[in-house]
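This report refers to the structure that appears directly beneath it.
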Amino acid sequence: MMKDKKFMGLAIKEARKNFKSLSGGPFGACIVRNGRVIAVSRNTVLKNDATCHAEINAIRIASKKLKTYDLSDCVIYSTTEPCPMCFSAIHWAGIKKIIYGTETRDAKKAGFNELNISTAKLASLGKSSIKITVGVLVQECAKLFKEWAAMPGKVFY
């Protein structure tokens, strides 16, 4: 549990970088392999690419660094439950475990345009064996939404 908090803390720290740049929302992700950080990224959707969610950006960085699409020996940490696009990318990258803080409904409640489908439902429908852990540093992850809401010039998408 301590290592999960450490890696989620890195995702939270990365998400906060958007409070200065406003290049994306309050979302961060961290990919870990054998206890070693491979990639840390944040959402950069507001740089005019709707696919640049934190998880997708982290997968791109990890794949480039490891020179492979196969991330089956990695774990991904995300400040918020991955959306269907991100869940699919995680699945196709072969990542076996997702650990996240807040849930999709929290992002929706905060004003983001989220689809009402959970990772658990996606895993069930797709018969995916991805392990899902919910609620790691949930209070700290939820605080990101409050901080974002207080930002002048923020954009909800």
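A short reminder: the numbers here are calculations on the coordinates, not readings from a lab. Because the structure is predicted, anything quoted here is derived from the model rather than measured. Please note: Cβ atoms are built from the backbone with ideal geometry, for glycine as well, and neighbour counts cover all protein chains shown.
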Need the full-extension length gain, Lys3 to Thr133, defined as separation in residues times 0.36 nm minus the C-alpha distance. One decimal, nm. 45.5 nm
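I need to check one value: relative contact order of the chain, counting alpha carbon pairs closer than 8 Å and at least 6 residues apart, in percent.
22 percent
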If we sort 128-136, 98-106 on the protection proxy, mean other Cβ atoms within 10 Å, highest first, what's the order? 98-106, 128-136
Summing -39500 (n - 2.57) over the DSSP H runs of n ≥ 4 in the chain and dividing by its residue number, what mean residue ellipticity at 222 nm do you reach, to the nearest 500 deg cm²/dmol? -12500 deg cm²/dmol
So if each residue of separation counts as 0.36 nm, and I subtract the Cα-Cα distance between Leu10 and Ala120, what length gain in nm does that give? 37.2 nm
Karplus-derived HN-Hα couplings along region 84-99 (A = 6.51, B = -1.76, C = 1.60, θ = phi - 60°), whole Hz, x at Gly and Pro: x, 4, 5, 4, 4, 5, 4, 4, 5, 6, x, 4, 8, 9, 10, 10
Extension gain Lys97-Arg36, at 0.36 nm per residue separation less the Cα-Cα distance, in nm? 20.5 nm
The answer for the net charge of residues other than Glu103 whose Cβ lies under 13 angstrom from its Cβ, with Lys and Arg +1 and Asp and Glu -1, is +1
Taking the Cα atoms only, what angle lies between the long axis of helix 54-66 and the longest principal axis of the chain, rounded to 10 degrees? 40 degrees
Relative packing of 17-24, 147-154, which averages over residues the other C-beta atoms within 10 Å, highest first: 17-24, 147-154
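What is the antiparallel percent of DSSP beta bridges lying wholly in the chain, to the nearest 5? Intermediate values should be presented prior to the final figure.
Details: 11 of 20 bridges.
Among the beta bridges of the chain, antiparallel pairing accounts for roughly 55 percent.
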Give the angle, between 0 and 90 degrees and rounded to the nearest 10, that separates the Cα long axis of helix 2-16 from the longest principal axis of the Cα atoms of the chain. 40 degrees
Sequence gap at least 6, Cα distance under 8 Å: using those rules, report the relative contact order of region 1-70 to the nearest whole percent. 25 percent
Can you list the lysines whose alpha carbon is less than 28 Å from that of Lys65, not counting same-chain residues fewer than 8 positions off? Lys3, Lys5, Lys6, Lys13, Lys17, Lys20, Lys47, Lys96, Lys97, Lys131
